[in-house]
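Every number here is computed from the coordinates shown, using simple stated rules; none is lab data. Since the structure is predicted, the reported quantities are computational estimates derived from the model, not experimental observations. Using ideal geometry, Cβ is built from the backbone for each residue, glycine included, and neighbour counts are taken over all protein chains shown.
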Amino acid sequence: MITQWEVTMKKGRFSPFRWLVSFGLVAFYLHFLRVEPAKLNPALEWSNPTFDFLATAYCVPGITASGVDAAPGMVAADWRVLPLGSVISVETDVHRGVYRVTDTGPLLRGKHIDVFIPGWNRALKYGRKRVKVTVLQYGGPENSQSRPVEAKPPGVVQHSDVLVQ
């Protein structure tokens, strides 16, 4: 049985230079074209960008990455996308709420959030959903240990200590 490697080597198509160029292009793409945290983009600081996220639920109590106990009104997210302390509005077809990012997780990569919901059955019922996430305030070291955001009635959005209906 002849392998592709043997055919390539016999016909002379293998080129270390070609391999290095291909490897270099992949390395360039992974290093320079990766998604950077929105915190580093000053233009996004003054707007409220909205993104499509995947939302799941978790119910395990304990200390979060920001050092506070897990409680309703908190979410876990990829710290490179939503830094600890960020305040976000999560909107589904039937629910809208304001949450604070207080935790991270090893499986949370990219646009994926974990909403804290007390109770195994309620968290399981939440399932996996596509949600719209609006960033109300980006977090950082100065506000990562804040308390959870108080739940507001549907239609009320908290933005910089001013309630807008």
Check your understanding: Ranking Leu136, Leu82 by Cβ neighbours within 10 Å, fewest first, what do you get?
Key -> Leu136, Leu82
Check your understanding: Which net charge results for the neighbourhood of Gly105, defined as the other residues with beta-carbon distances under 10 angstrom from its beta-carbon, given Lys and Arg at +1 and Asp and Glu at -1?
Key -> -2
Exercise for review: Would you mind telling me the antiparallel percentage of the DSSP bridges in region 48-120, rounded to 5?
Suggested key: 55 percent
**Study point:** Linear extension gain, Lys132 paired with Leu107, 0.36 nm per residue minus alpha-carbon span
**Key:** 7.0 nm
**Study point:** For Leu136, distant residues with modelled amide H under 5 Å away
**Key:** Val87, Ile88, Ser89
Point to revise | Neighbour net charge for Ala55 - beta-carbon separation under 9 angstrom, K R +1, D E -1 | key: +2
